[in-house]
Amino acid sequence: MQNETVLNEIASIEDTDDDAYSAKEGTVLLKWHKYRERNRKLVQKKKESVLKKEGHLACQVCGFRYDRVYGSLGNGYIECHHVRPVHLMKPDERTTLNDLALVCANCHRMLHRDLTLSLEELKRKLKQEI
Ligand SMILES: [Zn+2]
Ligand SMILES: [Zn+2]
């Protein structure tokens, strides 16, 4: 993809996590992060590989399963989070399956409140609060 197209796409990504990042640098980072997560083909591949291995899709932080709670409506649903620190990546660096983690919507939101947070760190926080 050409650089200009990439930049336009990044600029068009809506910021729904307004409270998480108010600083300009943070906004750019979050947009870049979301752009990385928008690769539908890769997300699909990630889901397929986990489904094949585990037989189901569960949040890697809290274990939530959409199919268990929402039945057939939740079948195949899970969100994808980019785990590599995006600020350390070069623009032309490719995202691989290992860069993606499957998480539920709640955990994904929490990870976006602080993009430096790792899955393990969020897991520990979750255990502390309950
Ligand atoms: Zn979760
Ligand atoms: Zn994410």
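Residues whose amide H lies under 5 Å from that of Cys80, counting only those 5 or more places away or on a different chain, are Val103; hydrogens are built 1.01 Å from N in the peptide plane. Surface analysis of segment 3-129 yields an accessible area of 68 Å² per residue, using protein heavy atoms and a 1.4 Å probe. If R0 equals 41 Å, the separation of the Cβ atoms of Arg94 and Leu73 corresponds to a calculated FRET efficiency of about 0.80. Tally Lys/Arg at +1 and Asp/Glu at -1 over every other residue whose Cβ is under 14 Å from the Cβ of Leu57; what's the total? Net charge in that neighbourhood comes out at +3. Here segment 3-129 exposes an accessible surface that is 49 percent carbon and sulfur, computed with a 1.4 Å probe and the other protein chains kept in place. All other residues whose Cβ lies under 13 angstrom from that of His82 are scored, Lys and Arg at +1 and Asp and Glu at -1, for a net of +3.
Across the cross-link table entries Lys34/Lys90; Lys31/Lys52; Lys53/Lys90, which are compared at the Cα atoms, the separations over 24 Å belong to Lys31/Lys52; Lys53/Lys90. The length gained by stretching the chain between Thr5 and Ser118 to full extension, at 0.36 nm per residue less their Cα-Cα distance, is 37.7 nm.
Applying a DSSP loop filter and a limit of 14 other Cβ atoms within 10 Å to the chymotrypsin sites (Phe, Trp or Tyr not before Pro) in segment 58-122 leaves Tyr77. Packing, taken as the mean count of other beta carbons within 10 Å per residue, orders the peptides 115-126, 27-38 from highest to lowest as 27-38, 115-126.
The values are calculated or read from the model by the stated rules, or taken from the named source; none is laboratory data. Quantities reported herein were computed from a predicted structural model and do not represent experimental measurements. We place every Cβ from the backbone using ideal geometry, glycine too, and count neighbours over all the protein chains shown. These accessible areas exclude ligands, DNA and RNA; they are computed on the full protein's heavy atoms, side chains included. Shrake-Rupley method; radii C 1.70, N 1.55, O 1.52, S 1.80 Å.
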